[in-house]
1. What is the order of I10, I34, fewest Cβ neighbours within 10 Å to most?
2. Quick one: P(r) of the chain from all Cα-Cα pairs, 10 Å bins, percents rounded to integers, in order of increasing distance.
3. Placing +1 at every Lys and Arg Cβ and -1 at every Asp and Glu Cβ, with all other atoms neutral, what dipole size does the chain have around its Cα centre, in debye to the nearest 20?
Amino acid sequence: MLPAMTSHPIDLDTLRHGARLAGFAWSDAELEEIRPQVEAALRLLRALEAIPVGDTGPTTHYRTV
């Protein structure tokens, strides 16, 4: 199980490190530009993390169209 995400705002160093790990060479200005979208995505992930699914079994039937 992964540890719970924190609600701290993401800083430029964290963005820079993540971009470098992903193979991007973005400038600080570019990272500042995407910071709001990254923080919004993290808020959505925190909301998903809060959904109680402890007693829910895995999906065993998938419907494909």
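Laboratory data are not the source of any read-out in this text; all were calculated from the coordinates shown. Just so it is clear, the structure is predicted and the values come from calculations on it, not from any experiment. Glycine gets a Cβ as well: all are built from the backbone with ideal geometry, and neighbour counts include every protein chain shown.
1. Starting with the residue having the fewest Cβ neighbours, the order is I34, I10.
2. Answer for the chain: a P(r) of 16, 35, 25, 19, 4 percent.
3. The dipole of the chain has a size of about 300 debye.
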